[in-house]
Structure formats: C-alpha cells, structure tokens
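Some notes on the structure that comes next.
The values are calculated or read from the model by the stated rules, or taken from the named source; none is laboratory data. Quantities reported herein were computed from a predicted structural model and do not represent experimental measurements. Here the Cβ positions follow ideal geometry from the backbone for every residue, glycine too, while neighbour counts run over all protein chains shown. Side chains are part of the model used for accessible areas, which takes the heavy atoms of the whole protein and leaves out ligands, DNA and RNA. Shrake-Rupley method; radii C 1.70, N 1.55, O 1.52, S 1.80 Å.
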Number of protein chains: 2
Amino acid sequence: MPQSTTLNRRILLSSRPVGAPTSEDFQLVSGPVPQPEAGQVLLRTLFLSLDPYMRGRMSDGPSYAAPVALGEVMVGGTVSRVEASHNPRFAMGDLVLGYTGWQDYAVSDGQGLTKLDAADPHPSHALGVLGMTGFTAYMGLLDIGKPVAGETVVVAAASGAVGSVVGQIARIKGCTVVGIAGGAEKCRYVVDELGFDHCVDHHSSDFAAQLAAACPKGIDVYFENVGGAVFDAVLPLLNTRARVPVCGLIAHYNDTAKNATTPGGPDRRATLMGTLLRKRIRMQGFIIFDDYAPRFGEFHTAMSTWVKEGRIAAREDIVQGLENAPSAFMGLLQGKNFGKLVIQLADAP
Amino acid sequence: MPQSTTLNRRILLSSRPVGAPTSEDFQLVSGPVPQPEAGQVLLRTLFLSLDPYMRGRMSDGPSYAAPVALGEVMVGGTVSRVEASHNPRFAMGDLVLGYTGWQDYAVSDGQGLTKLDAADPHPSHALGVLGMTGFTAYMGLLDIGKPVAGETVVVAAASGAVGSVVGQIARIKGCTVVGIAGGAEKCRYVVDELGFDHCVDHHSSDFAAQLAAACPKGIDVYFENVGGAVFDAVLPLLNTRARVPVCGLIAHYNDTAKNATTPGGPDRRATLMGTLLRKRIRMQGFIIFDDYAPRFGEFHTAMSTWVKEGRIAAREDIVQGLENAPSAFMGLLQGKNFGKLVIQLADAP
C-alpha cells in the first residue's frame, strides 16, 4: 500500500499479548497528516526498524523502559525525510534518524533527531549496522566480551542484525568465530558471506554435539542473544574466565508473565551459578544507549570505516509497507527474518 | 583426645558423599610420626581450617581443583609448629602457615610454607581474617563488588568467616550494610558486635519481606555465598548496575550430581538472566588464590591494620580435637558454626 500524502496511517498497540503477539494486538488506523507548529518539523517515515526489544514494550511487566500505552503508536527507530520545517536546524529534504514509531508521519521539535548524509546510498543502515544494532554488537563484544586474538567467540542468532556484526568484528580482532543460526541457508550465509569459521544449525537434533565439535578449545566469549536451549549447549563449553555479554534473550520474550517467573521443568539456575563460580565467569547484561551513549561517536567512526572497506557486510531484510509491520515483527520473534529487519514505507530520496 | 608425640592421627576420605557428608565418609587412622629427611621439616599441626570449599574436594564432579583421592588425607589449611628442621629456612619452634590437611603431623620441603610471627597472640587468624577467608572477603567485595559510599551492600552468611569480614569492610567504605544470617543470636551479633546496619534471619517465615524492608533503596552489591532461597529473595531487590560477586553457593554443595544438573521445580534461570539483562547487572565468580594471589600483600597490610585498630572484629568458632573435625565440618555445611570454624589440635605455643 503506497504512502499517502494526505493520510497518516499509524499502528497502535491495541492489547497486551499473552505469549506470542498476534495480529489482534495491533490496530492500523488512519487520520490526517499532522501539521507542524512553530519550531517543529513534519517528518515522513522512509524506514522503520523492527527489533526484538519491542516485544518488551508491548508488556507492562518489569522492564528497563516504560511500556507502550494501550491505544498508543508502537515505538521504533526511523529514518525520515523532512517534509516541512519551521525549525531553523532542518530544511525540507533533510534525512534524519529519529524515534517516531510505526506511522507514516510525525511532527517533532527536533529534539533527539540526528541529521543523516543525504547522499548516503544506504540510509537504512542508520537503523542497523551504523545504528542501534551495530552499536550493540560493537560495545557488547568489545567492552564486555573483551575478545583476545586466538580466543573462540560464539555468537547466537548469527545471521541476525546484531549477531552478524558481532561475529565479523570478532574475526577482525583475530578470533575463531562460531555462529549459531536456524537452518542450513542461514548457516551457509554466515560462513560463506560473513566469513565466520563455523556455523551450527540449532535445529539439528545433535546441535549440542555439533557445537562442541566446532569449539574444540572451548568458548571464551559467548555473546548471548537467545537464552533457552541454545544456552544449555553453550554453558558446559565455557572456559575458565569466559565472558558472557547478555544482550538479549529472544527465546524468552514470549514467555507469559506467569511462565517467566515459574517455568516448569528442571531448575537450571544453580547449575549456571555453580559454573560461574567454578570457572570464574563474568556475565553482564547491558542496554546499549543507557550504558554506552557517550561512546556512539567512537563506534560510528570505526564501523563506517569497516563497512566502507568491505570488512563488515550488512544484510537487510526489507519488507515493503507499514501494513506488513505486525506480521514481519511476529516473524522476527520466530527467527524468520534473514538480516536486519526494516520496513520500507516510502522510496528513499 | 590430646595430640600424641609418637602417633600421627590422620583423617582420610573413605567414600564420596552422595548429598550431605556423613561420618561414614571419613576414616580416622593412626600411624607413626613421619621423619623429615634432608631439606625437610617436621610440622606439628596446631590449627586446622575448616571451610565450605572442602565439600567440593570430596566429590569427583567438575571442579576448579582436583578431588581428594579416596584413602587420602583430607586437604586443608593449617598453622603448624616446626618440631624438627633439616631445612636452613626454618628453625625448631617456628610457626608456619601451610596446607597440610587433617592430620597431626606432616613433613614438608618448605615449599608453600609461610612463616608467621611467633609472637602473634592469635596465630589462627592466619587461617581466617588474615588468611584465605579474609582475603576472599576483601577481593570479592572490593575488586568485583566495587562498593561506593552510600550504596547498599547485602551479605549472606553474615556471621560466617567471609560474610562477617565483607560486611565490616563495606561499613568502613561508607556503605549501608544488611546481613543475612540464620537465627536471632547470629543476627544480634552481626548488628551489635560487627556493626552492620541490619540483619535479617533467613529462617523467618517472612524473610523476603523483611529483607525488602531492610533495603528500602534496593541492593547495589550482593555478596553471594549461599544461593538457593536466599538468592530468590535478593534477586528482585537488585538495583540497576548492581554487582554480584559469586564466592560460594553453600546451599547447593550437598546437591547430588543428578540434582545439581536437573533439580526439580520451577526453572529460575531465565528469570535470573532476564534480570541481569534488564538491570545491566554484573555477576562474576572468583576463586581467591587462583585469581588474586599477587595481591595478597596488599590485602594483608590493609587487613592487619584494620584488625589492630579494632575496626574489623574476627570471631572464631574453635573446636578442640582432630577427631571432632568431621562432625564440625558437617555442621558447617548446615550453618551450625558461629564465626570462622577452626579445629585446635594442640595448644598454641
């Protein structure tokens, strides 16, 4: 559905999902395009980033950020074009990075907007490899994981927006890099296109044995994006003084409130803590902009260089049309995307 | 039973415990006092340290140190007197810190022995506040916990050898310190004698509510010695960017091999990892001499000063007679000791 110049489509959170989100939890509504007032700009969304953290914002359980209110627009990072400006900092036609959510248009007073290079052939990279997901990969791996050349780094969700960058940085740093991904096609991509040393398919019935075989010297850094059964296979392979940056736990994001506190089955907490103690492992969670905002410039300089030099490849999974955002997001939580998931709402300039 | 000058009593590991150790797992045997050869010294044990880590050495599961072999003397730190010396570094009457285990006598070539001040009125402190347990408290709290004045530090096993020192150092550093201990008498001691701000009895039926009330600003550093139900109450109180040094998990040391990997009941691992992520918590295990041996001097200087100034109190639970070591050790795993548990084998000089 092409973007209208007179209607603003918005996708609202209509109910809080219990377990996996369904299309019922979202509502597409249309209304007039908002009018910018003095000091404001009108933004037209070109690209919307879809990311796993949004699942947390749909719930009202404890989180590091306030939930989206029922009836409000779903949040999300965006690349937009300035359509009208009553703000001297911005001119019509400027491209900006913002956080205007799942909608065609938004007005802004300019706070929190970052101007992008209008000549950049890949403005959507500001949502991915040169934006939040690349920054997450860079700081989590380098500041918490602290990989040393020759060490073994294992990355879950290896074909995803964060995992793919983590692994490529680890290769640049001289590590042996083993990816974990779902399916043979993703695994081939991770090895053939991204240059990981190995990739193991977590759908395989002998996944744990394959992972052990791919890590004959154990695991020094495990970049945690997943949790669940993947972590079960990783834990016994962690070496003494291993580091585990905890970036995400997508396997658990659809746990219900009840399940999240009391899932059935064996209690794996004592085994985890006993392993941390015995092997003197450091495990540390992080939330990228809360913890590392002042270091964005350092990241951006390094990553832009690597991308220009062709040392970091960034695959995008671009879905056309705002109306397809809910189904694309539901697929993301099931690992159906292949690369950074971005919704394209309008043609780039 | 007084120490003989002609017989060497030794306590051997006779079987590997399944669950809690029993007296059947230990065997007291007697034999001749060993004779030192050229370069060796004969050591008579005055004090034997009993510590929770010894439970791990009784099992042959994965650990950071080799298990005690069946039929071998139980390991342990000792303060001994040199009874005969064929080694120019030592003279008869010298007091030394060593690791000669659960026995009256040992010979040594001098390697690993540290001479103690023979005039020290409390030579057994070399096994506690000025030795392994004090060093553990010092490095775990300061190097991993990194407490800042005004923060809230919670210490489990607060009347024990490590916990009591952790809390007192945290007080010196200007923190609010909340202890957790078993029983009203221990709690009174922790507050009245050690100067903690509060102490909560984990035997109380409303323990979790009492802990929350004692920590109105949440928990910034939790020094983990225990695991299990105590950690259940701590986890929801941890603040953003909290630090959790994992020093011990005594609640789990008697888990059987089967239970340790698959205990029943709710799986608390996902909740733990989700909390680490959401609150950006750092959790890190450590093994004191493996990780920090080069910093023993720094610790010893600081701690000796604090003890001399009366700023750190060190309570010992001294049990007389090597033959009582097994029952004292079994009690230690159940929290029956009150202060640093030491077996006195002979009168100090």
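Taking residue A:132, is it in contact (Cβ under 8 Å) with a residue 24 or more places away in the chain and aliphatic (A, V, I, L, M)?
Criteria met by residue A:132.
Residue pairs, Cβ under 6 Å, 6 or more apart or interchain, first in the stretch B:289-302 and within 14 Å of chain A (Cβ to nearest Cβ), second part of a helix (DSSP H, G or I). List them.
Correct list of pairs: B:292/B:139.
When residues of the stretch B:197-222 are filtered for being farther than 10 Å from residue B:180 by Cβ and within 24 Å of the chain's Cα centre (by Cα), how many remain? So that I can check it myself, show each step before the final result.
Residues of the stretch B:197-222 that are farther than 10 Å from residue B:180 by Cβ, as a first pass: B:197, B:203-206, B:208-209, B:212-213, B:215-221.
Within this subset, residues satisfying the condition of being within 24 Å of the chain's Cα centre (by Cα) are B:197, B:203, B:219-221.
Qualifying residue count, the stretch B:197-222: 5.
Search the stretch B:308-323 for residues being under 18 Å from the mean Cα position of the chain (by Cα) and open to solvent by 20 Å² or more (accessible area, probe 1.4 Å), and hand back the single one that is nearest to residue B:195 (Cα to Cα). Step through it out loud before you land on a result.
Pass one, the stretch B:308-323, residues under 18 Å from the mean Cα position of the chain (by Cα): B:312-319.
Keeping just the survivors that are open to solvent by 20 Å² or more (accessible area, probe 1.4 Å) gives B:313-319.
Numbers: B:313: 10, B:314: 12, B:315: 13, B:316: 17, B:317: 19, B:318: 22, B:319: 26 Å.
Per the stated criteria, the residue is B:313.
With the stretch B:26-102 as the region, which strands (runs of 3 or more DSSP E) entirely inside it contain at least 2 residues that are under 15 Å from residue B:13 (Cα atoms) and assigned by TED's automatic domain parsing to the domain that holds residue B:112?
On the way: elements: B:26-32, B:41-49, B:78-85, B:95-98.
Answer list for the stretch B:26-102: B:26-32.
Would the stretch A:96-109 turn up any residue that is hydrophobic (A, V, I, L, M, F, W, C), in contact with a Lys or Arg (Cβ under 6 Å, 6 or more places away or on another chain) and surrounded by 14 or more Cβ atoms within 10 Å (Cβ to Cβ)? Explain how you work it out, then say what you get.
First, pick out the residues of the stretch A:96-109 that are hydrophobic (A, V, I, L, M, F, W, C): A:96-97, A:102, A:106-107.
Then drop every residue that is not in contact with a Lys or Arg (Cβ under 6 Å, 6 or more places away or on another chain), which leaves A:96.
Narrowing further to those that are surrounded by 14 or more Cβ atoms within 10 Å (Cβ to Cβ): A:96.
For the stretch A:96-109, residues hydrophobic (A, V, I, L, M, F, W, C), in contact with a Lys or Arg (Cβ under 6 Å, 6 or more places away or on another chain) and surrounded by 14 or more Cβ atoms within 10 Å (Cβ to Cβ): present.
Can you find even one residue in the stretch A:325-338 that is in the same structural domain as residue A:64 (by TED's automatic domain parsing), touching a Gly at 6+ places or on another chain (Cβ under 9 Å) and at positive phi?
yes
What residue, among those in the stretch A:212-224 that are touching a residue at least 60 places away in the same chain (Cβ under 8 Å) and more than 10 Å from chain B (Cβ to nearest Cβ), is surrounded by the fewest Cβ atoms within 10 Å (Cβ to Cβ)? Step through it out loud before you land on a result.
Step one: list which residues in the stretch A:212-224 are touching a residue at least 60 places away in the same chain (Cβ under 8 Å), which gives A:215, A:217-224.
Keeping just the survivors that are more than 10 Å from chain B (Cβ to nearest Cβ) gives A:215, A:217-223.
Values: A:215: 23, A:217: 11, A:218: 16, A:219: 24, A:220: 23, A:221: 26, A:222: 29, A:223: 32.
Across the stretch A:212-224, the extreme among qualifying residues is A:217.
Please specify each residue of the stretch A:75-88 satisfying the condition of being over 16 Å from the mean Cα position of the chain (by Cα) and surrounded by 14 or more Cβ atoms within 10 Å (Cβ to Cβ). So that I can check it myself, show each step before the final result.
Initially, the stretch A:75-88 is screened for residues over 16 Å from the mean Cα position of the chain (by Cα), giving A:80-88.
A:80, A:81, A:82, A:83, A:84, A:85, A:86, A:87 - these are the residues of the stretch A:75-88 that are over 16 Å from the mean Cα position of the chain (by Cα) and surrounded by 14 or more Cβ atoms within 10 Å (Cβ to Cβ).
Of a type outside the set (A, V, I, L, M, F, W, C), within 14 Å of chain A (Cβ to nearest Cβ) and either out of contact with any strand residue (DSSP E or B) (no Cβ under 8 Å at 6 or more places or on another chain) or farther than 24 Å from residue B:289 by Cα (or both): which single residue out of B:32, B:2, B:52 fits that description?
Values: B:32 fails: within 14 Å of chain A (Cβ to nearest Cβ); B:2 fails: within 14 Å of chain A (Cβ to nearest Cβ).
That would be B:52, the only listed residue that is of a type outside the set (A, V, I, L, M, F, W, C), within 14 Å of chain A (Cβ to nearest Cβ) and either out of contact with any strand residue (DSSP E or B) (no Cβ under 8 Å at 6 or more places or on another chain) or farther than 24 Å from residue B:289 by Cα (or both).
Could you name every one of the strands (runs of 3 or more DSSP E) located completely within the stretch A:154-241 that has at least 1 residues being farther than 19 Å from residue A:275 by Cβ?
On the way: elements: A:176-181, A:198-201, A:219-223.
Output list reads A:176-181, A:198-201.
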